[in-house]
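S.K.: Have a look at this one.
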Amino acid sequence: MKTSTFLAAVTALAGTVAAESMAKLRELKIDTWARQQEVGAYDIDRYQATAATSCVNGKAGEYQCSNVDLKGFLRHQDMGSSTRKGNDIWGWTAPNGREFATVGQTDGTAFVELLSDGSLVYLGRLPTQTTSSSWRDMKVIGNHVYIGSEASNHGLQVFDLTKLLDVDPSSPKVFSTTSDLTAIYKGFGSSHNIVAHEETNMIYAVGTAASAGCRGGLFMVNVTNPASPVKAGCLSAGGYVHDAQCVIYKGPDTRYTGKEICFNFNEDTLDIVDVTSKSSPKTLSSKTYNGASYTHQGWLVDSSMKYLLLDDELDEYYGNGNASNKKTTTYIVDISSLTAPTFSGIYQSPATSIDHNQYVVKGLSYQSNYGSGLRIVDVSSIPSKPDGSGLEQVGFFDCYPEDDSYGGRAEFTGSWSVYPFFKSGYVLLNSIERGVFSLKYTGAGAAFASE
């Protein structure tokens, strides 16, 4: 974007619009996916198995790309799913260095190994605890994965990932939801997202059902002993939390050094919360922004903890605020003061698409943006240019070619999430329709001096 455009956008940050609730967002998505079902988007053999393909002249096979090679791919049907619909993804590195992924699907969780050449091998799956649901989320602490779902009465599945080390890939295993679980925690039934804080052995389930008694806020579970999860507390004061990132704070606001701080994405606000005391968590601030339509997710820019990126899932859909052109819009938040954060600027992707999840590794934000797929943005300039004028897309892989002829669409199709934290440098993308992609960024890197 031009600098003048950025200045106008930052000036516009003073106003607000009414945001939607999760109930409305859920309705919009279910309608979209029902239409997709009608046209056969999840049919068996709808998509072909795809071999590793380098990105050459802007294409890797049928997929548009830039500086990202396709190294491996498995369809949802290849990973044992009968519904063939995907959602979240997370990774695990075994003590011996082998890399694995937990691949969310509407009817369970698939397990795959990422090999040294980037190819993927299916090892087995853990079915849903109750019924299928479009929402399944998982995170890893140590050697265990913690899986929640919006399926009724699902609870929190606790699975020991070391069980994968001895699986013969020629005979994938369907694990039992009773005998193969380390635990099944029933302190809550359904949940929308699972947030993990490895440093404190805490799982924060968010978007839990009303029966959990936490108003959809942070439902705190101590998993120091994975076989015996214990409820540690609840933050209900801010209402529904859609997602969060929790850290031991080491940022510029020295009043909170060493405290456990969660950055909560609360539908229409960014809430910053001190959860050091699980019995009496304290909200430090709650901040909205121009165009707030559904505050969805975000991530700290770097280890200095001075800036944060935030994505809104409905601003592009409705064309609200700075996203009136329906280009994927990322908000930059100055969190130098945890009690008085300020929205300092925005970045807009060249693609028309809705944003969903993003994670930052060494100055690069790996964004999962529905129909435009993986977008890699160099965010290393934010400390010197917090208005966003220095941000630049440095690579992408578009996993949803169906909307290419339209120049992209702001719809809930394509990429659900990405996992960019493997030491090998491979990035895994889980798409709703197709399956899991193994990708490798080949462009110039970016790293902060402090990383």
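The values are calculated or read from the model by the stated rules, or taken from the named source; none is laboratory data. Since this is a predicted model, take the numbers as computed values, not measurements. Heads up, the Cβs are rebuilt from the backbone with ideal geometry, glycines too, and the neighbour counts pull from every protein chain shown. Accessible surface areas use protein heavy atoms only, side chains included; no ligands, DNA or RNA. Shrake-Rupley method; radii C 1.70, N 1.55, O 1.52, S 1.80 Å.
S.K.: For a quick size check, give me the Cα extents of the stretch 362-451 along its three principal axes, largest first, whole Å.
M.R.: 39, 30, 18
S.K.: Assuming 0.692 mPa s and 37 °C, estimate D for the stretch 52-193 with Stokes-Einstein, Rh taken as the Kirkwood radius over Cα pairs, in µm²/s.
M.R.: The estimated diffusion coefficient comes to 208 µm²/s.
S.K.: With N set to the number of residues, divide the alpha-carbon radius of gyration of the stretch 215-320 by 2.2 N^0.38 Å and report two decimals.
M.R.: 1.13
S.K.: Accessible area of residue 382, 1.4 Å probe, to the nearest 10 Å²?
M.R.: The accessible area of residue 382 comes to roughly 0 Å².
S.K.: For the stretch 308-427, report the accessible area per residue in Å² (1.4 Å probe, heavy atoms, rounded to an integer).
M.R.: In whole numbers, the stretch 308-427 has 26 Å² accessible per residue.
S.K.: Give, as a single signed number, the net charge of other residues whose beta carbon lies under 11 Å from the beta carbon of residue 397, with Lys and Arg counted +1 and Asp and Glu -1.
M.R.: So the surrounding residues net to +2.
S.K.: While we're looking at this one, here's another question. If you project the alpha carbons of the stretch 20-71 onto the principal axes, what extent comes out on each, in Å, largest first?
M.R.: Per principal axis, max minus min of the Cα coordinates gives 42, 28, 16 Å.
S.K.: Roughly speaking, to the nearest percent, how much of the chain's 1.4 Å accessible area is carbon and sulfur?
M.R.: Of all accessible area on the chain, carbon and sulfur atoms account for 48 percent.
S.K.: Would you compute the Debye intensity of the stretch 334-377 from its alpha-carbon atoms alone, equal scatterers and no solvent, and pass along log10 I(q)/I(0) at q = 0.15, 0.23, 0.31 Å⁻¹ to two decimals?
M.R.: With one equal scatterer per Cα and no solvent, log10 I(q)/I(0) is -0.48, -0.86, -1.05.
S.K.: A further question follows. Rounded to the nearest 20 Debye, what is the dipole magnitude of the stretch 154-205 about its Cα centre when Lys and Arg each give +1 and Asp and Glu each give -1 at the C-beta?
M.R.: It comes to approximately 240 debye.
S.K.: Could you point to the label whose value was computed as volume of the Cα convex hull per residue in Å³ for the structure here, given (i) 153; (ii) 193; (iii) 132?
M.R.: (iii)
S.K.: Sorting check: for 143-156, 424-437, which peptide has the highest mean count of neighbouring beta carbons within 10 Å, and how do the rest follow?
M.R.: So the peptides 143-156, 424-437, ranked by packing, come out 424-437, 143-156.
S.K.: What size of dipole, in debye to the nearest 20, comes out for the stretch 318-449 about its Cα centre when the only charges are +1 on Lys and Arg C-beta atoms and -1 on Asp and Glu C-beta atoms?
M.R.: I would put it at about 300 debye.
S.K.: Rounded to the nearest whole Å², what accessible area per residue is found for the stretch 259-301 with the 1.4 Å probe?
M.R.: With the other protein chains kept in place, the stretch 259-301 gives 26 Å² per residue.
S.K.: Determine the dipole magnitude for the stretch 349-419: charges of +1 sit on the beta-carbon of Lys and Arg, -1 on that of Asp and Glu, nothing else is charged, the reference point is the Cα centre, and the result goes in debye to the nearest 20.
M.R.: 280 debye
S.K.: Quick one: net charge of residue 351's neighbours, Cβ under 13 Å, K/R +1, D/E -1?
M.R.: Surrounding charge for residue 351 is -2.
S.K.: In Å and from the alpha-carbon atoms only, list the Rg and Dmax of the stretch 115-182.
M.R.: Using the Cα atoms of the stretch 115-182, the pair Rg, Dmax is 13.0, 40 Å.
S.K.: Please report the base-10 log of the normalised intensity I(q)/I(0) for the stretch 148-274, using a Debye sum with one equal scatterer per alpha carbon and no solvent, at each q in 0.15 (1/Å).
M.R.: Debye intensities relative to I(0), on a log10 scale: -0.74.
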